[in-house]
Amino acid sequence: MSKASRQRRLQQERERKQRRAAQPSASSPPGSSRPPHETQRHDTPPPQGPGTRRGIRHDPPSEANRPSQRELAAVGVAEALEALAHGRRDLFLQWVEGLAVGQLPGWDTTVSRELVSYLRASVAGAWRHGWQPAELVRHVGRERGDPHARMATDMIADEMRAYATATVDDRWLAQLSALGAEVWWENDDAYLGRWRDREVDSRQNTLITAMELLLLLGQLPVLPRLCPLPGTVRPGAAAGDQERTADERILGKIRALLAKAESTEFTEEAEALSARAQELMAKYSIDHALLAAEAGRKDEPASRRLPVDNPYEGPKAQLLEEVAKANRCRAVWYKNLGMSAVIGFPADLNAVELLFTSLLVQANTAMVRAGAKQDRYGRSRTRAFRQSFLMSYAIRIGERLAGAAGDAERQVAAEAPGRNLLPVLAARHQAVDDAVDDMFGDAVSYHRAGRVSDSEGWYSGRAAADTAALHGHREVSAESA
């Protein structure tokens, strides 16, 4: 083979490699189109990579085949993600440095545009995997910290610009409002620079935050979808508006009663307020079930996910499970994600969420009043005490709620002897079990969500549960704690 032929073949091979390296920018975010173990590994950056402070440089064979800035940025992002995914921190930082200090005109805006487009696409992927805005931001904050959570909120706001408000579910819109998600930067080109100025951060740290967020979004587990995807809600659907208005009116009364019961210093007032709230919750749920049955309406179970935070997340998940069970719902704990899914009919889900929140406030108040604990050698046993306290509290609350639920059903049946309540509730119970099976199959395991090792904590928690403001009992006082 002649020297000219060998040169042509080498030239063609270099061009093929460049086209393959630039391919991620043409479709999906880097790292999402193929698993990390299928991506080519580099123990050291290529000679034309970010191994020097002069940034990413290439020596193309000819002007016609020169890679675009977008292609170079895509290569840099893909290689940085590959290194980060495999725990090669030094190599990751080298590629980040190359992305941060590129000397080509317009390089910063190109990198910003590419990263924002990848992040936005990853957020849309999270929606398809069942995630909702509030839980996505919360998960990012748990895994990476507040700066990453703020950037995730920005990317959510950016992604949501693509959808008309009328085509987005109300629950979704409420979460966006609570997050304060808004587009405060001019365009994709300017985002990373504006972020850097707003956070008073360095260029390199800004890129690290964006890259770590991109990898985390690409590794999200798939969750059951609880809301229709943005853009798929049909505008103008007004059915059920009157019923929702009535529900919100009742729920507003319940929230107000529970808030006062938690904050008042007068035991008698707390008893009256909590008893009234419990009465409204029970009647609200049972009336919904009877009305649906009498109208021949085929209601279906729904689901919502509630945060279960550290510390002591095991006993808190147990408390939620007990509250759910007493209200004809089921709870499934995502331990690694710090939340639980509650499955039941909408009226029951509302009761579970309100009651769980109120009981948790009361438990925390009683637990803190009990103060720090030490063993006889002066060593702290506060954590063991509180773990045992909350577990005992959860179990005893479950016992009390089970009795209260039975009392409420008997009262409703006595007030309306012509209404056949038991078959209606039994059918709903079976529908909830079927919904759990459909969502999770054999993936649900059953076990106690915490360990009890402190007898004082156990008995103190049981006492606090006995006096929790539910049905006219007095609240826990500092002396009884």
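The values are calculated or read from the model by the stated rules, or taken from the named source; none is laboratory data. None of the values given here were measured: they were computed from a predicted structure. Every residue, glycine among them, receives a Cβ derived from its backbone with ideal geometry; neighbour counts consider all protein chains shown. What goes into the accessible areas is simple: the full protein's heavy atoms, side chains included, and nothing from ligands, DNA or RNA. Shrake-Rupley method; radii C 1.70, N 1.55, O 1.52, S 1.80 Å.
Here W333 passes the criteria (1) over 20 Å from R255 (Cα atoms); (2) open to solvent by 50 Å² or more (accessible area, probe 1.4 Å); (3) modelled with pLDDT under 90 except the one numbered (3). Residues that are open to solvent by less than 20 Å² (accessible area, probe 1.4 Å) and closer than 24 Å to L136 by Cβ were ranked within the stretch 338-349; the one that is farthest from the chain's Cα centre (by Cα) is G344. The residues listed here are A152, A166, A162; of these, the one that is small (G, A, S), under 18 Å from L217 (Cβ atoms) and assigned to a helix (DSSP H, G or I) is A152.
Of the residues making up the stretch 111-125, those that are crowded, with 24+ Cβ neighbours inside 10 Å and either without any contact (Cβ under 8 Å) to a residue 12 or more places away in the chain or hydrophobic (A, V, I, L, M, F, W, C) (or both) are V111, L115, L119. Only one of the numbered conditions (1) part of a helix (DSSP H, G or I); (2) in contact with a Phe, Trp or Tyr (Cβ under 9 Å, 6 or more places away or on another chain) is violated by W185, and that is (1). Just one residue in the set G398, G441, G406 is within 23 Å of the chain's Cα centre (by Cα), at pLDDT below 85 and part of a helix (DSSP H, G or I); that residue is G441.
Hey, among V361, V352, V432, V323, which residue is open to solvent by 50 Å² or more (accessible area, probe 1.4 Å), under 25 Å from L306 (Cα atoms), in contact (Cβ under 8 Å) with a residue 12 or more places away in the chain and part of a helix (DSSP H, G or I)? Testing whether each residue is open to solvent by 50 Å² or more (accessible area, probe 1.4 Å), under 25 Å from L306 (Cα atoms), in contact (Cβ under 8 Å) with a residue 12 or more places away in the chain and part of a helix (DSSP H, G or I) leaves just V361. Mind checking whether some residue in the stretch 158-165 is crowded, with 20+ Cβ neighbours inside 10 Å and hydrophobic (A, V, I, L, M, F, W, C)? Yes, there is a match, as at least one residue in the stretch 158-165 is crowded, with 20+ Cβ neighbours inside 10 Å and hydrophobic (A, V, I, L, M, F, W, C). The set of residues in the stretch 278-320 being open to solvent by 20 Å² or more (accessible area, probe 1.4 Å), under 18 Å from the mean Cα position of the chain (by Cα) and of a type in the set (S, T, N, Q) consists of N310 alone.
Hey, any hits in the stretch 367-374 for a residue that's of a type in the set (S, T, N, Q), touching a residue at least 60 places away in the same chain (Cβ under 8 Å) and open to solvent by 20 Å² or more (accessible area, probe 1.4 Å)? Looking for residues that are of a type in the set (S, T, N, Q), touching a residue at least 60 places away in the same chain (Cβ under 8 Å) and open to solvent by 20 Å² or more (accessible area, probe 1.4 Å), one finds none in the stretch 367-374, hence no. Restricting A210, A157 to those that are without any contact (Cβ under 8 Å) to a residue 60 or more places away in the chain and closer than 25 Å to E135 by Cβ reduces the list to A157.
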